[in-house]
Amino acid sequence: MAFDHRKYIAFEPVRKTDRRWPDQVIQRAPQWCAVDLRDGNQALVKPMTVAQKQRLFELLVKLGFKQIEIGFPAASQPDFDFCRKLIEEDRIPDDVQIQVLTQARPELIARTYEALEGAKRAIVHVYNSTSTVQRQQVFGLDRAGIRDIAVKGAEVVKAHADERPDTEWTFQYSPESFTGTELDFAAEVIDAVNDVWRPDQGQPVIINLPATVEMATPNVFADQIEWICDRVRYREHISISVHTHNDRGCAVAAAELAVMAGADRVEGTLMGNGERTGNMDLVTMAMNLYSQGVDPMLDLSGMAEITDVVEACTEIATHPRHPYAGELVFTAFSGSHQDAIRKCLARRKDGDKWQVAYLPIDPRDLGRRYEEVVRINSQSGKGGVAYVLERDYNISLPRWLQIEFSKVVQREAETGGGEIDSHTIHRLFEERYLQVNPAWALKSYDLHRDEAGVHARVSFGQDSALVNLEGRGLGAVEAVVAALEDTRGVRIAVEAYDEFALGEGTNANALACIRLQVDGEPCSAAALAEDTTSATLQALLSAVSQRVTDPWHETMSEEISVSVDA
């Protein structure tokens, strides 16, 4: 049987009854370290060129990263050359520490220091694997043998640093595959390394705890971090860092819970590029903090630039649903979602705290536009269609017309099988509601109010066949309706009509929308005009024209005048 779950062993959780991390809330950002140029680069099918590395390094500096792992110079000549380029060309800002990785082997450590010659500040990151599987199946060593590798590596790191006192050195140690290492042994190795480095005597030390392979749920990782923080020596003198991978899809959650459990520092990559399923995504975690009102200490406002640079350097496209960065992450196609977004945005005032349905943050904070939020397809409803018309054309529709017109748009979307853009929505509205039959085009009107109500004179049609109507009613609409009923022999019932003053961005000043029953058949229309009365009367004539082909039975060859007393 090829697909057999019985070949796997469940990860054994930490037996811990004194958990404190579940009650913690992240109130400030951890220290960030970007490892795009090392861990991210080694995972690429086509590793970055020097020019691509330079471009990505400059972006990381611009975003505000103060610690940047730039490579594995002892194992790669291109990494060595890039390290030298940054130092010799003085491209490293004074407030930025570069970090380089090396295995705990004397010859590799020596080569690493050659690459760092002349650096003002640097982090030397040394590691060896401590996990049960690697001890038993890869190295064939017991605990003491693995611990000795770490201690000897720490000694060599310190010796080389002592020979170069002009550089401000920070030492970092990682028990690789920490999550697969017995916790008591991990603490034993960490303490042994720190006994060499003596962080209590002023040497800056980072202890990095990597989920080299994600093996359990994030809460288990948080238990492991809290356990280590509680038991290692020199805790108050060292920085605890985490480096999570995304094998189970939980790298960000694991890093967040690790910070709640006591971690001070987080390593990751922009957009989560890395081995296998990737590293912890720095953009997602930082923006998660931002959405909770916590300053991420990074400037991610230019999200388009971030994705452009990352894509150009890694040659990996950004998924359209990638948190915060994807093209569609702030886009709503669902009708109910669109309606809720539209209503929330309409209520919002400048300076209000952000509380908008379906939008965890303001898209404008990342350089996105509200135009990208609501997009229309066959799943969209009245709210989305209405929002597009309001946003792009300053056209506000009454609720009844939102419902009716959304069905027109939905039919178009179903026919085309895709997204409907703003231009198409406006075209559909014009064709269905605003188009005026020339025979029913309003030319002029005159209204007078007296004790009996409103006396209306209306002229419409073409110059060669102008129609004059005259009628009375309680209002202009009722007066014209009465004239049309008596002269055409139809029954007209006005079910709804709405008038709107328009803002800037349109040649008209008013919009009117009307829904009628003509001899029991529904018809509706809208009109744009310089004033609300013109718009209302034209909408009325346009709606009637849908059921009455010509104004009169006769062929119109000359002006016809009709007067009706209602």
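Mean separation of Cα pairs under 8 Å and 6 or more residues apart, divided by the residue count, gives the chain a relative contact order of 9 percent.
Ranked by the mean number of other Cβ atoms within 10 Å per residue, highest first, peptides 58-69, 426-437 order as 58-69, 426-437.
A straight Cα-to-Cα reach below 29 Å connects Lys349 with the lysines Lys382, residues fewer than 8 places away in its own chain not being considered.
Within the accessible surface of the range 398-521, defined with a 1.4 Å probe on protein heavy atoms only, the carbon and sulfur portion equals 43 percent.
Taking all protein chains together and a 1.4 Å probe, the residues Ile149, Ile425 rank Ile149, Ile425 from largest to smallest accessible area. Size descriptors for the range 136-258 (Cα atoms only): Rg and Dmax, in that order, 15.0, 44 Å. A compact globular protein would have a Cα radius of gyration near 2.2 N^0.38 Å; the ratio found for the range 201-256 is 1.21. The lysines whose alpha-carbon is closer than 26 Å to the alpha-carbon of Lys353, local same-chain residues fewer than 8 away aside, are Lys343. Consider all pairwise Cα distances in the range 384-452 and report the whole-number % of them above 17 Å. Distances greater than 17 Å cover 52 percent of the Cα pairs.
Checking the cross-link pairs Lys7/Lys152; Lys85/Lys152; Lys120/Lys158 against a 26 Å limit on the alpha carbon distance flags Lys7/Lys152; Lys85/Lys152 as lying beyond it. Label-point separation (nm) for Arg198 and Glu451, each offset 7 Å from Cα along Cα-to-Cβ? Taking the two extended label points, one gets 11.2 nm. Any idea what log10 I(q)/I(0) is at q = 0.17, 0.19, 0.30, 0.35 Å⁻¹ for the range 155-194, Debye with uniform C-alpha scatterers and no solvent? Cα-only, vacuum Debye calculation for the range 155-194: -0.56, -0.64, -1.01, -1.19. In this structure Val151 has an accessible area near 30 Å², from a 1.4 Å probe over the protein heavy atoms.
Across the chain, Cα-Cα distances exceeding 36 Å account for 53% of all pairs.
Under 18 Å of direct C-alpha separation, and excluding same-chain neighbours fewer than eight residues apart, Lys46 reaches these aspartates and glutamates: Asp36, Asp79, Asp81, Glu275, Asp308, Glu311, Glu315. The spacing between the range 33-59 and the range 216-283, judged by their C-alpha centroids, is 21 Å. Over the C-alpha atoms of the range 110-173, the Rg to Rh ratio, Rh being the Kirkwood estimate, stands at 1.09.
If you take all other residues with their beta carbon under 9 Å from the beta carbon of Trp400, and give Lys and Arg +1 and Asp and Glu -1, the sum is -1.
Can you list, largest first and rounded to whole Å, the semi-axes you get for the range 230-332 by taking the square root of 5 times each eigenvalue of its Cα gyration tensor?
Ellipsoid half-lengths, sorted descending, are 27, 15, 12 Å.
Accessible surface for the range 57-185, divided over its residues, is 41 Å² per residue with a 1.4 Å probe. Dimensions of the range 413-497 along the principal axes, based on C-alpha atoms and rounded to the nearest Å, stand at 56, 32, 24, largest first.
Residue ranges 302-314, 30-42 sort as 30-42, 302-314 when ordered by packing (mean number of other C-beta atoms within 10 Å per residue, highest first). Restricting the calculation to Cα atoms, the range 272-324 yields a radius of gyration followed by a Dmax of 11.6, 33 Å.
The listed peptides 249-262, 13-26, ordered by packing as a protection proxy, come out as 249-262, 13-26 (highest mean of other Cβ atoms within 10 Å first).
Considering only Pro175, Tyr290, Leu345, and ranking their Cα positions along the charge dipole of the chain that arises from unit charges at the beta-carbon of Lys, Arg, Asp and Glu, the one farthest toward the positive end is Pro175. In summary, the helical segments of the chain meeting the span-like criteria, namely a full DSSP H run, a Cα extent along the axis of 15 angstrom or more and a mean Kyte-Doolittle hydropathy of at least 0.0, are 50-63, 183-197, 303-314, 476-488, 532-545. Using a cutoff of 8 angstrom between alpha carbon atoms and counting only pairs six or more residues apart, the relative contact order for the range 194-252 works out to 50 percent. A Förster radius of 35 Å, combined with the Cβ-Cβ distance separating Ala10 from Arg233, puts the computed FRET efficiency at roughly 0.65.
Between Asp191 and Asp166, the contour length at 0.36 nm per residue exceeds the Cα-Cα span by 6.3 nm. Average the reciprocal distances over every distinct pair of alpha-carbons in the range 310-373, invert the result, and give the Kirkwood radius in Å. After inverting the mean inverse Cα-Cα distance, the result is 13.0 Å.
Between Ala346 and Asp531, the modelled labels are 2.8 nm apart [label points 7 Å from Cα along Cα→Cβ]. Couplings 3J(HN,Hα) for the range 435-440, derived from phi with the Karplus relation 6.51 cos²θ - 1.76 cosθ + 1.60 (θ = phi - 60°), are 4, 10, 5, x, 5, 10 Hz, where x marks Gly and Pro. Relative to the compact-globule estimate of 2.2 N^0.38 Å, the Cα radius of gyration of the range 1-79 comes out at 1.73. Short-range pairs are left out: with C-alpha atoms under 8 Å and at least six residues apart, the relative contact order of the range 38-106 is 33 percent. A Förster distance of 56 Å, applied to the separation of the beta-carbon atoms of Leu141 and Val50, puts the FRET efficiency at 0.90.
Each of His423, Ala456, Leu401 was placed along the dipole of the range 386-460 (beta-carbon charges, centred on the mean Cα), and the one lying farthest toward the positive end is Ala456. Projected onto its three principal axes, the C-alpha set of the range 1-133 covers 54, 44, 30 Å, listed from the longest axis down.
Using only alpha carbons, the range 1-42 has a radius of gyration to Kirkwood radius ratio (Rg to Rh) of 1.20.
The values are calculated or read from the model by the stated rules, or taken from the named source; none is laboratory data. It should be emphasised that the depicted structure is a prediction, and the values quoted were computed from it without experimental measurement. Neighbour counts are summed over all protein chains in view; Cβ atoms, including those assigned to glycine, are modelled from backbone coordinates with ideal geometry. Areas reflect the complete protein model, heavy atoms only, side chains present, ligands, DNA and RNA absent. Shrake-Rupley method; radii C 1.70, N 1.55, O 1.52, S 1.80 Å.
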